[in-house]
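I have placed the structure first, in the form of structure tokens, so that the comments after it can refer back to it.
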Amino acid sequence: MSIDNCIAASHTGLKPLYREGSGRIVQFTDVHLALKYKGTPENNYLDKVEPDVKYGLDPGVELLEAALECAKKVIPEPNFFLYNGDSVIHEGKHENEKKEKLHFPRTYKTYPNLDKSRFFALAVGNMETIPDYAMDVTDGQEINPTLSEIKQGFENVLLEGEEQDFVRRGYSRRQIEDGLWMITLNTAVYHPRRSGDSKNGNLEDPLGQFAWLRKTLRSIEQERENSLICGHVPPVLALADGVQQWEKEYIETYKKIITDFAGTIKAQLFGHTHDHEIRDYKVPLYISGPISPLHKVNPSFTVWEYDKKTFEILDSHVYGTLDLKNWGYRFSAVKSYGLTDLRKGSLVKLRNYFVDEGNFNQEQFNHFHLQRYVYRGYNLDNKDNLVAPANVKKCDHVACLAAIRCAFKKWYSDIVELQECHIKERAHFASMGFRIEEDMRIFKETAKEVARREKKLTRKYTSTARILNPSNETGLKEEPTYNPLSTCATVFMMVIVLAVIVLVLDKVFGIKSRWTRLVKGMQTENRRQ
């Protein structure tokens with residue numbers, strides 16, 4: 001296959017301009033290969049599924065190969081390659097594919113000179129397991145059944161000595177270069193849809209990951225070094241509908257850690273949501289778009305440019321396509337928003353575009369909204385320039401404007417609080433004359449989340465929960481912990497306390513309980529007889 005336009009100008013005439021001496025990170029995420037096995041798993045690439053881009057479906061291997069060929073052409077020698085998980089088809093007919101080796105060997109062929117230590121692909125996606133979002137919660141020391149089951153899919157990317165860490169925890173750190181570390185998180189344990197055993201783990205800190213992260217960042221800080229954090233599921237609420245990507249409590253814990261070590265963390269790089277986003281938080285958080293067009297987003301990958309001295313992100317260059325062969329340069333975040341770079345200080349200007357009324361510019365909202373889907377150009381009135389199908393429109397209604405503004409106002413952890421922001425900002429934009437579109441998604445998702453929490457709370461506080469072992473319950477436990485010895489001790493103590501109460505009532509107050517009067521009455525009756 002020949003890729004002819006990977007270095008060509010985009011439809012805006014914009015050319016990819018890389019700074020001399022800057023570092024380059026090639027990032028792929030959410031490939032979701034739809035493969036049909038033909039013979040053994042080693043031959044599983046022979047039977048093709050959907051060779052071209054088809055919206056609403058996961059892609060065949062040809063689309064991945066075309067993307068890799070384009071990446072190699074534009075960045076022949078990246079400083080490192082980052083893959084953020086979800087390698088296999090969305091849940092459907094091909095469940096068995098999730099247990100097989102994934103597409104990493106193909107990437108090695110693309111970058112044969114890239115040292116294995118610079119190939120970061122340890123982020124476990126929610127689709128790597130059966131069922132989706134499955135992840136047992138253990139203590140981080142014993143072998144984790146879920147991670148052990150999917151280990152074979154990651155054998156090609158694990159360095160010597162990393163296998164045991166992977167099957168026990170699924171998170172790790174690895175040095176990229178002098179002064180810079182990549183921290184990979186296991187985010188599957190934090191999603192509200194997570195399923196799996198949790199009897200041998202602490203649900204307040206699944207796998208001991210938060211404690212490990214704090215310890216790791218403290219060590220990096222003490223050495224005066226720097227870090228990037230990556231993972232699959234981002235610690236945010238979805239932009240349009242507010243869906244919790246992590247449980248509220250986990251986002252709050254993570255935010256505290258990030259705030260405490262903001263000086264040593266240069267960026268957070270995630271995937272999963274199938275769109276491109278920038279979040280101006282204490283530490284900038286970036287979400288990259290997918291290869292898969294399942295959710296009607298144009299296939300794309302990102303090249304991150306970073307400062308080799310400070311390790312701050314300078315720009316994101318996005319390459320995408322509308323079909324199999326026509327991969328090309330789509331946009332630069334810096335050029336799109338008129339910034340100098342993507343350093344923390346520069347992102348304040350970006351934030352002000354969306355939050356500060358004095359800087360309000362609807363065109364910036366359009367850029368942000370349409371770049372999420374990797375649209376073709378700026379001629380928004382031409383439907384051919386929009387992502388197909390042409391249901392992605394300008395950001396000219398109150399729901400869209402409010403969603404983007406709220407995303408920049410605060411790092412929300414609770415959909416209920418985010419909904420309040422949406423309501424307030426929708427009313428504000430309506431007063432400015434913007435049209436009202438009946439986008440009720442966030443209200444529906446908030447109602448669902450509140451119902452889920454109430455159900456979880458009801459399950460937690462059953463009558464059995466209070467007598468089994470309340471001291472072992474936590475705010476995130478799905479079920480009370482049952483301990484036979486502790487239960488027997490609790491019952492025994494209750495009997496002792498009851499006996500003491502009866503004795504005090506009798507000796508001190510002269511109050512007889514009904515059952516003592518009944519016993520004495522029976523004794524008197526027996527003497528009379």
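No lab work stands behind these numbers, since they all come straight from the coordinates. As the structure is a prediction and not an experimental result, all values here were calculated from the model. Neighbour counts are summed over all protein chains in view; Cβ atoms, including those assigned to glycine, are modelled from backbone coordinates with ideal geometry.
Take the residue pairs K72/K393; K151/K456; K256/K409; K199/K456; K54/K325 and return only those whose Cα atoms are more than 23 Å apart. Don't skip to the end; give the middle numbers.
Working: K72/K393 33 Å; K151/K456 31 Å; K256/K409 18 Å; K199/K456 17 Å; K54/K325 13 Å.
Violating the 23 Å limit, Cα to Cα: K72/K393; K151/K456.
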ask   = Applying 1/(1 + (r/R0)^6) with R0 = 60 Å to the Cβ-Cβ distance of E363 and N200, what FRET efficiency is obtained, to the nearest 0.05?
value = 0.65
message = Can you give me the distance in nm between label points at S431 and K349, each placed 7 Å from the Cα along the Cα-to-Cβ direction?
response = 3.0
inquiry  = Given points 7 Å out from each Cα along the Cα-Cβ axis, report the E225 to C488 separation in nanometres with one decimal.
reply    = 5.1
Sequence ranges 312-318, 446-452, ranked by mean other-Cβ count within 10 angstrom, highest first = 312-318, 446-452
remark   = The pairs in K215/K344; K266/K394; K248/K309 lying past 30 Å Cα-Cα in this model are K266/K394; K248/K309
ask   = log₁₀ I(q)/I(0) of the range 258-339 at q = 0.12, 0.19, 0.20, 0.24 Å⁻¹, via Debye over equal Cα point scatterers, no solvent, to two decimals?
value = -0.40, -0.89, -0.96, -1.21
ask   = Between Y18 and H295, what is the label-to-label distance in nm when each label sits 7 Å out along the Cα-to-Cβ direction?
value = 2.9
query = Residues in the range 282-300 near a label at K444, defined as backbone nitrogen under 19 Å from the 7 Å Cα→Cβ point?
reply = 295-297
query = Taking only the alpha carbons of the range 23-332, what extent do you get along each of the three principal axes, in Å, biggest first?
reply = 48, 45, 42
